[in-house]
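Let me begin by presenting the structure, written as structure tokens, before commenting on it.
The values are calculated or read from the model by the stated rules, or taken from the named source; none is laboratory data. A quick note: this is a predicted structure, and the numbers were derived from the prediction, not measured. Backbone-built Cβ (ideal geometry, glycine too); neighbour counts: all protein chains shown. SASA here: full protein model, heavy atoms, side chains in, ligands and nucleic acids out. Shrake-Rupley method; radii C 1.70, N 1.55, O 1.52, S 1.80 Å.
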Amino acid sequence: MSILVQHSGNIDDSWNDLKLFLDRCSPILSAGAGEGWTLDLQSCRYLGPDAAVLVVAMAALGAAKGQHPEVLLPSSPPELSAICKYVGLRHRFANGSRPTGSHPRSETVEISQFYEATSLAERRVVELIARHFPLSDEVEAALGMAVNVVIGNVAYHAESPIGALLAARYLKNKREVRVSVVDI
């Protein structure tokens, strides 16, 4: 049996959007070993970094459970297609190349998977923030330690079969950075 879940509209980083998305994906999350499933996002108009990391987490969990996950990504609007490229969704699900460069309006740290805290994830997030907001050395060190602790807590204590997934995005129009760390 194969499960098809279609989602259209925005999946922003608000709790309401994420809860609606997770509720819609409940058949995927409760699927058994060996089941195939498809998450069709081709009609989405926006994917926030939390949503992008959740999509990768669901596919990684599905693969770990012996399922056959498939994710269909949107090709328009062009900004969303670019976000799918730079966050690494195209590379993971549509045979795209690894992202290089940066989206012109939302610099993105590609989704990374960790089984233990590493300075690589910490450094990439702190560098993203420091490129857009002036940080003292003290604040930069404290921020790096905080990111490392969050990743470590997820990777070490959640006992997740997929470890921890991380992505970050600077939203130029809002002048904010969103960091997502997920386990399932």
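Can you work out the FRET efficiency for the pair SER119 and VAL139, with r the C-beta to C-beta distance and R0 = 30 Å, to the nearest 0.05?
Working: r = 17 Å, r/R0 = 0.58.
Approximately 0.95, to the nearest 0.05.
Mind listing the long-range amide H neighbours of LEU47? Cut-off is under 5 Å, sequence gap 5 or more, other chains count too, H placed in the peptide plane at 1.01 Å from N.
ILE11
In deg cm²/dmol and to the nearest 500, what is the mean residue ellipticity at 222 nm of the chain if only DSSP H runs of at least 4 residues count, each as -39500 (n - 2.57), divided by the residue total? Can you show the working numbers first?
Numbers: 7 runs with 79 residues, N = 184.
Result for the chain: -13000 deg cm²/dmol, rounded to the nearest 500.
Calculated FRET efficiency, SER76 and GLU127, Cβ-Cβ r, R0 25 Å, to nearest 0.05?
Details: r = 31 Å, r/R0 = 1.23.
Efficiency, from the Cβ-Cβ distance: 0.25.
Counting only protein heavy atoms and a 1.4 Å probe, tell me what percentage of the chain's accessible area is made up of carbon and sulfur. Numbers along the way, then the final one.
On the way: 4710 of 9090 Å².
The nonpolar share, carbon plus sulfur, comes to 52 percent.
Provide Rg and Dmax in Å for the stretch 132-184, with only Cα atoms included in the calculation.
13.3, 37
Non-local amide H neighbours of GLN67 (under 5 Å, H modeled in plane, Pro and chain starts lacking H): which ones?
GLY34
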